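Scroll down for the structure; my scribbles are underneath it.
The values are calculated or read from the model by the stated rules, or taken from the named source; none is laboratory data. All values derive from a computational prediction rather than experimental measurement. Note that each Cβ is placed from the backbone with ideal geometry, even for glycine, and that neighbours are counted across all protein chains shown. These area figures cover heavy atoms from the full protein model, side chains too; ligands, DNA and RNA do not enter into them. Shrake-Rupley method; radii C 1.70, N 1.55, O 1.52, S 1.80 Å.
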Amino acid sequence: MKKFLEDIKKDIKFKSAGPGKALTEDARSKPAVAPSSSSTKHSRHAPSEGAQMAGAAALARIEQTQRPKVHTSKEAIRNQVKRELEAEAAALAEKENVVRAEESTVRDPACLSVSGVYFTCPLTGATLTKSQREVHIKEAILMRFDEDNIEASVMMVHTFTKDREKVKAAVDIISKYVENICKNPSEEKYRKIKVSNKVFQEKVRPVEGSWEFLQALGFISVMLPVEGQEEEEEFLVLPEQSADDLELMKERRDRLQRGEPVRAQLDRQPQAFRPSPNAQRFELPPDFYNLTAEELKKEQQQRSELVEKNAMLRTKAMREREEQRERRKYNYTLLRIRLPDGNLLQATFYAWDRLHALFEFVRESLVDGWQPFELVAPGGQKLQESEEVTLVESNLVPAALLTFAWDAAVQADIAAAGGNSSTLLKPELLEKIQTLS
């Protein structure tokens with residue numbers, strides 16, 4: 001069948017008087033002779049006019065199916081993104097269910113020191129799990145198109161594509177489009193972007209949000225004739241702009257250049273506990289690890305078997321390097337601070353947070369956060385807020401109990417003035433104080 005259609009196509013092209021013209025009566029009346037070969041010397045007649053028309057129609061249908069229509073309207077793009085988000089959400093939900101199933105086989109969730117790691121969406125304020133954050137943020141950004149399509153598209157460009165180099169390349173090219181238009185506002189060629197252009201296809205189009213940003217600038221998708229081609233091609237075309245429009249376009253370009261990724265913020269889940277002998281006991285959920293629960297369980301078993309065997313063979317430097325490697329397996333750390341009244345303050349941090357973040361959190365949790373204080377790590381190491389070191393570098397990962405102490409000299413001055421306060425933590429923390437199990 002395929003060969004038959006190809007022969008028809010050759011006949012039509014060979015005998016046609018030109019594009020769009022009908023075959024001549026003479027051409028239709030003469031038989032076509034197939035080229036001879038060593039294997040056959042038979043000739044065959046050209047198909048009838050009806051067969052030729054049917055074959056041409058069939059070829060048109062085949063070519064149509066080989067060229068799927070590209071939907072470039074704003075609504076079509078948003079629908080496609082929505083479908084992808086729904087599929088991504090389903091996949092992440094399935095993964096989270098597997099993780100929870102693994103977690104239940106490792107330890108009783110009721111015994112965990114914290115139920116998990118949580119995040120806050122900066123756009124909606126919603127509290128999210130690790131698996132929910134990306135999908136939720138993408139949906140929140142898409143919802144913003146109705147309010148400010150420039151802001152939403154800028155967020156898309158900087159958030160949906162993780163490769164920062166690709167984002168920068170797309171932003172630079174779009175900025176060049178705007179610069180050329182503003183320098184040559186009357187030149188139509190600068191206001192047209194050929195969608196099939198190699199640079200556009202490889203550098204701009206793959207970055208999600210770039211198409212939406214150009215549309216927000218005023219570009220519209222149109223099919224235009226191309227010199228030397230029979231078929232029209234898709235272009236993004238910007239109508240001629242006024243001086244005010246050009247200034248606004250520059251301002252929007254600057255917003256694109258200043259854009260930053262929208263990232264969920266770690267929710268520290270601050271919690272106060274009453275004095276407890278269990279303050280140094282920690283049971284962490286799989287969310288804290290780079291490994292899965294099953295991988296972690298297996299590795300712990302293997303490591304415990306080798307501890308005694310290797311203890312006598314390693315130098316102190318070797319042991320310290322090994323400990324650093326172990327700590328890199330954690331993304332987060334759970335810290336507790338024992339206060340002078342015995343109460344405990346607990347929060348979750350990134351393993352790579354610097355000491356300043358820890359001191360700032362404690363300061364914001366105190367009634368008298370303006371007073372100087374000290375934090376002492378396990379082993380008696382006094383932490384220095386001014387030091388640019390991370391929590392993992394301070395051996396505070398994956399969990400640690402710290403000791404809080406006021407500055408003695410300042411406390412003496414306050415006591416002499418009769419201004420000592422018995423309450424340490426802010427009321428909102430004390431209202432939800434719990435007993436550590």
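Points worth noting:
- Here the strands (runs of 3 or more DSSP E) wholly within region 190-301 that include at least 2 residues being surrounded by 18 or more Cβ atoms within 10 Å (Cβ to Cβ) and outside the structural domain of residue 362 (by the TED database) are 233-237, 271-273.
- From the options 175, 153, residue that is in the same structural domain as residue 205 (by the TED database) and surrounded by fewer than 17 Cβ atoms within 10 Å (Cβ to Cβ): 175
- Evaluation of residue 186 against (1) surrounded by 12 or more Cβ atoms within 10 Å (Cβ to Cβ); (2) of a type in the set (Ser, Thr, Tyr); (3) in contact (Cβ under 8 Å) with a residue 24 or more places away in the chain (one fails), failing number: (1)
- Annotation note: Cβ proximity below 6 Å between a residue of region 379-404 that is within 18 Å of residue 352 (Cβ to Cβ) and a residue that is open to solvent by 40 Å² or more (accessible area, probe 1.4 Å) and assigned to a loop (DSSP other than H, G, I, E, B) (sequence gap 6+ or interchain) occurs for 390/352; 399/282; 400/378.
- Among the residues making up region 325-334, those that are crowded, with 16+ Cβ neighbours inside 10 Å and of a type outside the set (A, V, I, L, M, F, W, C) are 327, 329, 330, 331, 332, 333.
- Scanning region 126-172 for residues that are of a type outside the set (Val, Ile, Thr), touching a His at 6+ places or on another chain (Cβ under 8 Å) and either in a strand (DSSP E or B) or within 18 Å of residue 206 (Cβ to Cβ) (or both) turns up just one, 128.
- If you check 176, 189 for being closer than 14 Å to residue 214 by Cβ and not polar (S, T, N, Q), only one passes: 176.
- In region 130-141, the residues that are touching a residue at least 40 places away in the same chain (Cβ under 8 Å) and of a type in the set (S, T, N, Q): 132
- Looking at region 335-426, the strands (runs of 3 or more DSSP E) lying wholly inside it that each contain 1 or more residues that are open to solvent by 60 Å² or more (accessible area, probe 1.4 Å), within 16 Å of residue 279 (Cβ to Cβ) and not acidic (Asp, Glu) sit at 399-406.
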